[in-house]
Amino acid sequence: MTSQRTRERLIERLREQGIDDFAVLEVMRSTPRHLFLDEAMAHRAYEDTALPIGYQQTLSQPYVVARMTSLLLAGGSLERVLEVGSGSGYQTAILAQLVGQVYAVERIKPLLEASRKRLRRLKLRNVRLRHGDGMLGWPEEGPFDGVLCAAAPEQVPEALLAQLAPGGRLVLPVGGGLQHLKVITRDGDDFRSETFDAVRFVPLRPGVQR
């Protein structure tokens with residue numbers, strides 16, 4: 001179930017759903033998604049569905065990972081990217097192969113430690129990980145050319161907007177019940193917002209969990 005043929009079927013499915021960013025598709029083809037799941041779930045790694053990773057968290061559906069990554073990169077190449085809610089580390093691994101440096105924040109410590117091991121195994125060395133409150137971002141390392149948030153706040157956190165560099169893009173799901181992907185672009189002190197796909201993410205929660 002983790003064969004190259006199985007991966008190719010997933011990539012073809014992503015193309016059929018409108019993902020046309022060649023670099024994103026190539027990285028998703030070559031990244032072993034099964035490594036980011038517990039062994040009991042690994043046989044489902046290349047299904048286009050969200051999967052549980054423990055602690056009431058999920059590994060996002062491949063289409064959503066591809067879509068958010070493509071939206072983030074649509075403004076051009078990015079050097080410094082903040083990821084909020086890094087979970088199992090899969091989205092982190094995808095980003096690390098497409099941008100200069102990833103700063104990833106995760107509030108649940110066991111998930112962070114497991115993802116650190118996986119990223120080392122894949123020799124992805126342009127990632128810094130932090131156990132912290134994602135709502136606060138990582139102000140010491142900002143500003144960022146891009147921010148990707150993999151959990152849904154009801155309203156866009158001001159701290160994440162403040163850490164966007166001029167021209168920077170924030171991609172995140174927003175909403176309590178019904179959620180939509182939003183792309184917010186910084187233009188000086190102004191922010192331009194665009195709304196895209198309906199999605200379903202776990203809520204973005206404050207604080208940390210050990």
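The values are calculated or read from the model by the stated rules, or taken from the named source; none is laboratory data. If you're wondering where the values come from, they're calculated on a predicted model, not measured in any experiment. Here the Cβ positions follow ideal geometry from the backbone for every residue, glycine too, while neighbour counts run over all protein chains shown. Protein only, heavy atoms only, side chains kept; ligands, DNA and RNA dropped before computing areas. Shrake-Rupley method; radii C 1.70, N 1.55, O 1.52, S 1.80 Å.
Could you tell me whether segment 64-82 includes any residue that is of a type outside the set (A, V, I, L, M, F, W, C), in contact with a helix residue (DSSP H, G or I) (Cβ under 6 Å, 6 or more places away or on another chain), open to solvent by 10 Å² or more (accessible area, probe 1.4 Å) and at pLDDT 95 or above?
yes
Just give me the residues in segment 35-61 being over 25 Å from ARG107 (Cβ atoms), open to solvent by 30 Å² or more (accessible area, probe 1.4 Å) and in contact with a His (Cβ under 9 Å, 6 or more places away or on another chain), in sequence order.
Once the filter is applied, which keeps residues that are over 25 Å from ARG107 (Cβ atoms), open to solvent by 30 Å² or more (accessible area, probe 1.4 Å) and in contact with a His (Cβ under 9 Å, 6 or more places away or on another chain), segment 35-61 yields HIS43, ARG44.
Considering only residues that are free of Cβ contacts under 8 Å to residues at least 60 places away in the same chain and in contact with a Ser or Thr (Cβ under 9 Å, 6 or more places away or on another chain), which ones fall in segment 156-167?
Across segment 156-167, the qualifying residues are VAL156, LEU164.
Which condition number in (1) open to solvent by less than 10 Å² (accessible area, probe 1.4 Å); (2) under 16 Å from GLN163 (Cα atoms) is the one that GLN101 fails?
Single failed check for GLN101: (1).
Those residues that are of a type in the set (Val, Ile, Thr) and not in a loop (DSSP other than H, G, I, E, B), I need them from segment 98-125; list them, please.
VAL102, VAL105, ILE108
Within segment 169-210, count every residue that is in contact (Cβ under 8 Å) with a residue 40 or more places away in the chain and either open to solvent by less than 70 Å² (accessible area, probe 1.4 Å) or more than 19 Å from SER60 (Cα to Cα) (or both).
Of the residues in segment 169-210, 18 are in contact (Cβ under 8 Å) with a residue 40 or more places away in the chain and either open to solvent by less than 70 Å² (accessible area, probe 1.4 Å) or more than 19 Å from SER60 (Cα to Cα) (or both).
Collect the residues in segment 51-75 that are aliphatic (A, V, I, L, M), closer than 14 Å to LEU10 by Cβ and in contact (Cβ under 8 Å) with a residue 60 or more places away in the chain, keeping them in residue-number order.
VAL64
Please report, ordered by residue number, the helices (runs of 4 or more DSSP H) entirely within segment 1-97 with at least 1 residues that are more than 30 Å from LEU136 (Cβ to Cβ) and more than 16 Å from the chain's Cα centre (by Cα).
Hits in segment 1-97: 4-16, 22-30.
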